[in-house]
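To start, the structure itself, in structure tokens.
The values are calculated or read from the model by the stated rules, or taken from the named source; none is laboratory data. Here the structure is a predicted model, which means the values were calculated and not measured. All Cβ positions, even for glycine, are placed from backbone atoms using ideal geometry, and neighbour counts span all protein chains on display.
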Amino acid sequence: MQTIENKILARLKGGGRGRIFFPSDFSNLGEPRSVLKALERMTNDEKIVRVAKGIYCYPKIDRRLGLSVIYPSIDEIARAVARRDKARIVPTGAQALNLLGLSDQVPMNVVYLTDGSARKLKLYGERGITFQHTAPKNLAFSNELAMLVTFALREVGADNVTEEMATAIGTLLRREPKENIVKDLALMPEWIGKMVRRAYEK
């Protein structure tokens, strides 16, 4: 008879490495306490990693530089939590700039706006995620790039956008069909909307 650990591991292998998961994903395999105990044993045996309280990963393995565990990124963890909670999120500040390739800075603590519950997650390596509740209208963008550009530029500020940054953003925007972006112009501050329009005039 298969143990809960073996059933969980078989399911994880079926989905491939890199998957982020929660104890509730295996609620049909046993009582919650038994599932938690099984995950604890699997963590101790290094079959899975715990990235935060109640959040686990079946990690990818770096086989080129040695058999080391590759932890999921903060953004991957945040998106997994959002999917579970059926909430929308958007990264702010340095994280938005980093995801767009406009900054090499990798923040230790990342703030995401969400229409879900406000909370803080303490991650591995002293990293953290803060989900900050916001009005749904602030997340009403239909295009993810338009949303990322908006929140990244809001962090920088109108007076601090360099010519190099404006050029990089223009290049990113022109890779996306104009009609996908202009639908969200009404959600952008006026000065960001002007930058977006200029990008498509070139």
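What tally of residues in segment 190-202 results from selecting those that are touching a Lys or Arg at 6+ places or on another chain (Cβ under 7 Å) and exposed (fewer than 13 other Cβ atoms within 10 Å of the Cβ)? Before the answer, list the steps.
So the first thing to find is which residues in segment 190-202 are touching a Lys or Arg at 6+ places or on another chain (Cβ under 7 Å), and the list is 199-200.
Then drop every residue that is not exposed (fewer than 13 other Cβ atoms within 10 Å of the Cβ), which leaves none.
Total meeting the criteria: 0.
May I ask you to verify whether Ser24 is among the polar types (S, T, N, Q) and touching a residue at least 24 places away in the same chain (Cβ under 8 Å)? Spell out how you get there, then give the answer.
Working: among the polar types (S, T, N, Q): yes; touching a residue at least 24 places away in the same chain (Cβ under 8 Å): yes.
Criteria met by Ser24.
Looking at (1) more than 21 Å from Glu76 (Cα to Cα); (2) surrounded by 13 or more Cβ atoms within 10 Å (Cβ to Cβ), can you tell me which one Gln2 breaks?
Answer for Gln2: the failing condition is (2).
Which of (1) modelled with pLDDT of 90 or more; (2) out of contact with any Ser or Thr (no Cβ under 9 Å at 6 or more places or on another chain); (3) surrounded by 15 or more Cβ atoms within 10 Å (Cβ to Cβ) does Thr92 not meet, given it meets every other one?
(1)
Right, Lys47: part of a loop (DSSP other than H, G, I, E, B), modelled with pLDDT of 90 or more and either out of contact with any Pro (no Cβ under 8 Å at 6 or more places or on another chain) or crowded, with 17+ Cβ neighbours inside 10 Å (or both) or not?
Working: part of a loop (DSSP other than H, G, I, E, B): yes; modelled with pLDDT of 90 or more: yes; either out of contact with any Pro (no Cβ under 8 Å at 6 or more places or on another chain) or crowded, with 17+ Cβ neighbours inside 10 Å (or both): yes.
Here the answer is yes, as Lys47 does meet what is asked.
Please specify each residue of segment 50-76 satisfying the condition of being in a strand (DSSP E or B) and over 22 Å from the mean Cα position of the chain (by Cα).
Here is the first cut: in segment 50-76, the ones in a strand (DSSP E or B) are 50-52, 55-58, 60-62, 68-70.
Listed by number, the list holds a single entry, Ser68.
Which of the residues belonging to segment 13-24 are more than 19 Å from the chain's Cα centre (by Cα) and closer than 14 Å to Ala80 by Cβ?
Answer for segment 13-24, where residues must be more than 19 Å from the chain's Cα centre (by Cα) and closer than 14 Å to Ala80 by Cβ: Gly15, Pro23, Ser24.
Can you name the number of the only condition in (1) crowded, with 16+ Cβ neighbours inside 10 Å; (2) closer than 28 Å to Lys120 by Cα that Leu29 fails?
(2)
Go through segment 77-102 residue by residue and tally those that are without any contact (Cβ under 8 Å) to a residue 60 or more places away in the chain and either under 13 Å from the mean Cα position of the chain (by Cα) or under 21 Å from Asn143 (Cβ atoms) (or both). Talk me through it step by step, then tell me what you get.
Initially, segment 77-102 is screened for residues without any contact (Cβ under 8 Å) to a residue 60 or more places away in the chain, giving 77-79, 81-83, 85-89, 95-99.
With the extra rule that they be either under 13 Å from the mean Cα position of the chain (by Cα) or under 21 Å from Asn143 (Cβ atoms) (or both), the set shrinks to 77-79, 81-83, 86-89, 95-99.
Qualifying residue count, segment 77-102: 15.
List the pairs whose first member sits in segment 160-177 and is charged (D, E, K, R), whose second member is surrounded by 12 or more Cβ atoms within 10 Å (Cβ to Cβ) and in a helix (DSSP H, G or I), and whose Cβ atoms are under 9 Å apart, counting only residues at least 6 apart or on separate chains?
Close Cβ pairs (under 9 Å, with a partner that is surrounded by 12 or more Cβ atoms within 10 Å (Cβ to Cβ) and in a helix (DSSP H, G or I)) amount to Arg174/Ala199; Arg174/Tyr200; Arg175/Leu145; Glu176/Leu145; Glu176/Ala146.
Please work out which residue is surrounded by the fewest Cβ atoms within 10 Å (Cβ to Cβ), limiting yourself to segment 53-69 and to residues that are in contact (Cβ under 8 Å) with a residue 12 or more places away in the chain and out of contact with any helix residue (DSSP H, G or I) (no Cβ under 7 Å at 6 or more places or on another chain).
So in segment 53-69, the residues in contact (Cβ under 8 Å) with a residue 12 or more places away in the chain come out as 53-61, 69.
Going one step further and asking which of them are out of contact with any helix residue (DSSP H, G or I) (no Cβ under 7 Å at 6 or more places or on another chain), we end up with 53, 57, 59-61, 69.
Working: Lys53: 8, Cys57: 24, Pro59: 20, Lys60: 15, Ile61: 12, Val69: 13.
Ranking the candidates gives Lys53 first.
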